[in-house]
1. Considering the range 66-121 alone, what residues qualify as being under 21 Å from Leu49 (Cα atoms) and in contact with a Ser or Thr (Cβ under 6 Å, 6 or more places away or on another chain)?
2. Hey, among Ser118, Ser89, which residue is of a type outside the set (Asp, Glu) and surrounded by 13 or more Cβ atoms within 10 Å (Cβ to Cβ)?
3. Among (1) farther than 12 Å from Ser114 by Cβ; (2) of a type in the set (A, V, I, L, M, F, W, C); (3) not in a helix (DSSP H, G or I), where does Val84 come up short?
4. Given the conditions (1) at pLDDT below 70; (2) part of a strand (DSSP E or B); (3) of a type in the set (A, V, I, L, M, F, W, C), report the number of the one that Ala15 does not fulfil.
5. Taking only pairs six or more apart or across chains, which ones have beta-carbon atoms under 6 Å, a first residue in the range 34-62 that is over 14 Å from His82 (Cβ atoms), and a second residue that is surrounded by 12 or more Cβ atoms within 10 Å (Cβ to Cβ) and at pLDDT 65 or above?
6. Select, from Ala48, Ala58, Ala28, Ala96, the only residue that is small (Gly, Ala, Ser), out of contact with any Asp or Glu (no Cβ under 7 Å at 6 or more places or on another chain), more than 15 Å from Glu116 (Cα to Cα) and modelled with pLDDT of 90 or more.
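The values are calculated or read from the model by the stated rules, or taken from the named source; none is laboratory data. Because the structure is predicted, anything quoted here is derived from the model rather than measured. All Cβ positions, glycine included, derive from the backbone under ideal geometry; neighbour counts span all protein chains shown.
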Amino acid sequence: MRKSSIGIVGIVLFAAGVLCAPVGTANAQESHSIGHRIKEDTRDSTDALHITPKVKTAILEDDKLNDRRNHINVNTKDYVVHLVGHVYSRAIKERAGHVAAAKLAKMHKGYKVSNELSIGR
């Protein structure tokens with residue numbers, strides 16, 4: 001298993017141009033930049049796999065939010081949880097934001113909620 005993981009990382013780095021680039025100051029900076037982008041992409045993937053479903057579950061477990069008139073999608077990127085879709089009232093929109101924020105407060109400090117829900121259909 002370890003050899004295949006190392007092989008995959010090698011392929012990713014090769015595709016990114018790290019392994020085939022000549023050594024130098026500019027290329028060291030590019031390598032750092034590529035490493036940073038890989039780290040950010042990994043964090044975004046972790047957010048999508050870990051935080052998004054937990055916030056969505058919290059919303060679905062709320063009796064007032066779990067209504068067929070509401071359509072609430074949850075996406076996470078760059079330390080922001082986005083609530084997108086539509087709900088049937090302003091009070092429900094606010095409740096969704098509060099439920100998401102409460103769940104995030106229990107899980108991770110530093111995440112914000114962007115409540116982009118529209119009201120009505």
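1. Val74, Thr76, Val80, His82
2. Sole residue among the options that is of a type outside the set (Asp, Glu) and surrounded by 13 or more Cβ atoms within 10 Å (Cβ to Cβ): Ser89.
3. That leaves (1) as the condition not met.
4. (2)
5. Ala58/Val99; Ala58/Lys103; Asp62/Val99
6. The match here is Ala58.
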